[in-house]
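Since the structure comes first, as structure tokens, the remarks are kept for the end.
Coordinate-derived values only; no laboratory data. The structure presented is a predicted model; accordingly, all values stated were derived computationally and were not measured. Here the Cβ positions follow ideal geometry from the backbone for every residue, glycine too, while neighbour counts run over all protein chains shown.
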Amino acid sequence: IDRLEPREKHVLQTAAVIGRELPRPLLAAVCDVAGAALDEALAALRRAEFLFETALYPHVEYAFKHPLTHEVAYQSQLAARRTAVHRAVAQAMETLHPGQLDERAAEIAWHWEGAGERAAAARWHGRAASWVEQRDVRAAMRHWRAAYGLLPELPEDRAEADLLIHLCHRLMF
């Protein structure tokens, strides 16, 4: 990774924050490299076997060829940059997928958590739990617990207090 050109390294690190699998439209929405330059960087990363294409339709998607490459690319960047990219990814996902927010709620929660936005992450974990609870009670409980763990015991904000009460109720029943 350190031998990559700065542009390719930047794209790879941004991709690592998105996750092991990454749709090109999402990468384009959050990456500082755009258009043809982004396509060139992605082609170089494919040639170097860091990424590979996993889908072409309805849009191009990529994945990391090896989990270790993903982990190193993620960990090798400054925490402040990682936090900013997580925030941008969460916002972009909310904008790019308005009709799929329930099914993407867990992923959005993870990005808000990575951005240090605990209340937003708790709300999205709650949404993920509500969406999955009819199909997988254990997964729903994991999301309810994650949401509960993200909120302070005595929130000062009324919306956070209401969410905490709701979470306590969900965890009890």
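Meeting the requirement of 1 or more residues that are touching a His at 6+ places or on another chain (Cβ under 6 Å), surrounded by 18 or more Cβ atoms within 10 Å (Cβ to Cβ) and in contact (Cβ under 8 Å) with a residue 12 or more places away in the chain, the helices (runs of 4 or more DSSP H) wholly within the range 101-173 are 105-114, 118-132, 137-150.
Against the conditions (1) of a type in the set (Asp, Glu); (2) in contact with a Leu (Cβ under 9 Å, 6 or more places away or on another chain); (3) under 22 Å from SER76 (Cβ atoms), GLU61 satisfies every one except (3).
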